[in-house]
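For reference, the structure is listed below as structure tokens.
The values are calculated or read from the model by the stated rules, or taken from the named source; none is laboratory data. Worth saying up front: this structure is predicted, and the values here are computed from it rather than measured. Here the Cβ positions follow ideal geometry from the backbone for every residue, glycine too, while neighbour counts run over all protein chains shown. For accessibility, only protein heavy atoms count, side chains too; no ligands or nucleic acids. Shrake-Rupley method; radii C 1.70, N 1.55, O 1.52, S 1.80 Å.
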Amino acid sequence: MSFEGETAVVTGGTRGIGRAIALDLAAQGARVIAIYKSDEAAAKSLLEENGRLGGRLSTEKLDVADYAAVSAFWQKLEELPHGVQILVHASGIRRDRVLALMSRDEWRDVLSTNLDGSFHMAKYATIHMSGRRYGRIVFVTSPAREHGFEGQGNYSASKAGQVGVARSLAREVATRGITVNCVSPGFVETDLLADLDSETRKRHTAAVPLKRFGRPEEIAFAVRMLVAREASYVNGAVLDVTGGL
């Protein structure tokens, strides 16, 4: 799969799974714009990889929950000679707490980034790609959408919502040469799971048939398959990358 001449936007693209996706697509020849909200150190670290990737990596500071900022970002992308062909929405946060004790802010923060951010980015990506009659959109969701893990009512709702948005959008834009799919990673070794205590980690590992957590690079490979031109008949799908969970 070659992505020479294509431009990809990857939200959450400077850390964890998003970082792996950004690096993978750049290694395959794409120009990649990695979006981050506030972690300047992570953005700087990613750009240190730029030289070996032929200068194909750049970063952009953007809060995907900010509708006006997202609109302005995509308006700026209209200036690109060949436009954007790929959007991967990998931004995601957790604010875990049992529902009875969860604050409204903990609920709203997660929905704003994970679900509202999906809407904001996909809306403007669709407008951008429709005129060019081609595009690939992928949301990074989670098995929490089905399993509803304890203390993750907000996160589970946001991830279930992503799938609903993706499947509806997949029907709306199919005739314009745009496909919309989801990748659903299981437990992956990233900062997002760094706060798990040892007992919880052991319990989750035991639940995975492969008996290990995944690596970000394994998720990036799944995303690469879905955003390739060859994946032209995969639309509205959810690809589980969970080790059999």
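All conditions in (1) crowded, with 18+ Cβ neighbours inside 10 Å; (2) of a type in the set (A, V, I, L, M, F, W, C); (3) under 18 Å from MET129 (Cα atoms); (4) out of contact with any Leu (no Cβ under 6 Å at 6 or more places or on another chain) hold for ALA65, with the sole exception of (3).
Checked against the criterion of being hydrophobic (A, V, I, L, M, F, W, C), part of a helix (DSSP H, G or I) and more than 22 Å from ASN114 (Cβ to Cβ), the stretch 36-48 has at least one qualifying residue. Candidates are the residues of the stretch 40-63 that are polar (S, T, N, Q) and within 20 Å of the chain's Cα centre (by Cα); the one that is nearest to GLY5 (Cα to Cα) is SER58. Out of the residues in the stretch 49-70 meeting the condition of being of a type in the set (A, V, I, L, M) and in a loop (DSSP other than H, G, I, E, B), tell me which one is farthest from ALA22 (Cα to Cα). Ranking the candidates gives ALA65 first.
So is HIS120 part of a helix (DSSP H, G or I) and open to solvent by less than 10 Å² (accessible area, probe 1.4 Å) or not? No: the conditions fail for HIS120.
Filtered by the rule that a residue be open to solvent by less than 30 Å² (accessible area, probe 1.4 Å) and in a loop (DSSP other than H, G, I, E, B), the stretch 81-101 gives GLY83, VAL84, GLN85, ALA90, SER91. Of all residues in the stretch 102-117, those that are touching a residue at least 12 places away in the same chain (Cβ under 8 Å), farther than 20 Å from ALA69 by Cβ and in a helix (DSSP H, G or I) total 2. Selection of the stretch 139-169 for residues being of a type in the set (Lys, Arg), in contact (Cβ under 8 Å) with a residue 40 or more places away in the chain and open to solvent by 40 Å² or more (accessible area, probe 1.4 Å) yields only ARG167.
Scan the stretch 29-45 for residues that are within 24 Å of ALA222 (Cα to Cα) and either in contact with a helix residue (DSSP H, G or I) (Cβ under 6 Å, 6 or more places away or on another chain) or open to solvent by 50 Å² or more (accessible area, probe 1.4 Å) (or both) and jot them down. Passing the criteria: ARG31, VAL32, ALA34, TYR36. If the condition is being touching a Lys or Arg at 6+ places or on another chain (Cβ under 9 Å) and more than 16 Å from CYS182 (Cα to Cα), then the stretch 15-29 contributes ALA20, ASP24, LEU25, ALA26, ALA27, GLN28, GLY29. Within the stretch 208-221, can you find the residues that are under 16 Å from GLY12 (Cβ atoms) and open to solvent by less than 90 Å² (accessible area, probe 1.4 Å)? Hits for the stretch 208-221 are PRO216, ILE219, ALA220.
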